[in-house]
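What follows is a short report on a single structure.
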Amino acid sequence: LQAGALLAEGKREEAKALLIKLHRGGWPLSDEEQESVEQARMRIRRLSRTMDANDHSYGVRLIKSSLVAHPMLRLDPEFMVSAIAVYATLGDARAAILAEQMLQADMNESQRRTLIMTQVKIKLNEGDLPAAGKVYQKLKKLAPQSDETIEARELIKAAVIKGK
C-alpha cells in the first residue's frame, strides 16, 4: 500500500526501493493471488494483440482493476508493456506518457522492442509520420531483423501509401 501511494505521488524511485525485494515470483502474495496476477498478465498481453474494440475495453478494465489490487505491477515491465500496447491500440494518450516512462526502466530486449513498436503505432495514430520514422530508426538500430521492426516498416509503408 505504501508503494502504491508513493507511485501515485510520482515517487517512482522511492517505491522501487521499497519494493526491491518484491520482484516477479517473489511478491508477498498468496498462491491464489500470484495466480491471479499471472492470469491478468497473460490476458492483457493477449488483448494487446487483438483489434476487437470489446477486447480492448475489457483490457482497460482489467488493467485498472489489476493495478488497484496490486500496485506493484506498475514496476513490472512485462505487465506495463502489454498495458501500454492496449492503450496505444485504442489511441489513448496514456500510452505515449507511459511508454516514455517505461523506456527508462529496466527491461529485456524483447520488452524494449515491443515498447518501441508501440511508440511507432502511437506516432502513426497521431498522424506524425516523420516522428514515427525517427522512432522506427531506434527500433531498427536495436534489432534490424526483428518481427517488431518488420511490422513497423510495413505500418509506415501503409501510412505513406495512404497519405499519397
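The values are calculated or read from the model by the stated rules, or taken from the named source; none is laboratory data. No experiment lies behind these values; they were computed from the predicted model shown. Heads up, the Cβs are rebuilt from the backbone with ideal geometry, glycines too, and the neighbour counts pull from every protein chain shown. Accessible surface is based on the protein model in full, side chains and every heavy atom, while ligands, DNA and RNA are left aside. Shrake-Rupley method; radii C 1.70, N 1.55, O 1.52, S 1.80 Å.
Couple of notes before you dig in:
- With Cα atoms, 0 to 90° folded angle of helix 94-103 axis to the chain main axis: 80 degrees
- Value at 222 nm in deg cm²/dmol, rounded to 500, when DSSP H runs of n ≥ 4 in the chain each add -39,500 (n - 2.57): -23500 deg cm²/dmol
- Summed residue charge, Cβ within 14 Å of residue 146's Cβ, Lys/Arg positive, Asp/Glu negative: +1
- Against the chain, whose longest principal axis is taken from its Cα atoms, helix 109-125 shows a tilt of about 60°.
- Sorting 136, 58 by solvent-accessible area of protein heavy atoms yields 58, 136, largest first, with a 1.4 Å probe.
- Entries in 121/162; 11/64; 11/134 that, when Cα-Cα distance is taken, lie over 23 Å: 11/134
- Across the chain, C-alpha contacts under 8 Å between residues 6 or more apart give a mean separation that, scaled by the residue count, equals a relative contact order of 15 percent.
- C-alpha long axis of helix 53-69 to longest principal axis of the chain, angle in °: 30 degrees
- Net charge of Cβ neighbours under 12 Å - reference residue 44; Lys, Arg +1; Asp, Glu -1: +3
- Ranked packing of 92-98, 46-52, most packed first, by mean Cβ within 10 Å: 92-98, 46-52
- Exposed-site-free run, longest, the chain (rule: GluC sites (Glu not before Pro); DSSP loop; at most 16 other C-beta within 10 Å): 10-125
- Cross-link reach is defined here as a Cα-Cα straight distance under 20 Å, omitting same-chain residues fewer than 8 places apart; for residue 141 the aspartates and glutamates meeting it are 100, 106, 109, 151, 154.
- Mean shadow area of the range 38-77 over all directions, Cα convex hull, nm²: 2.7 nm²
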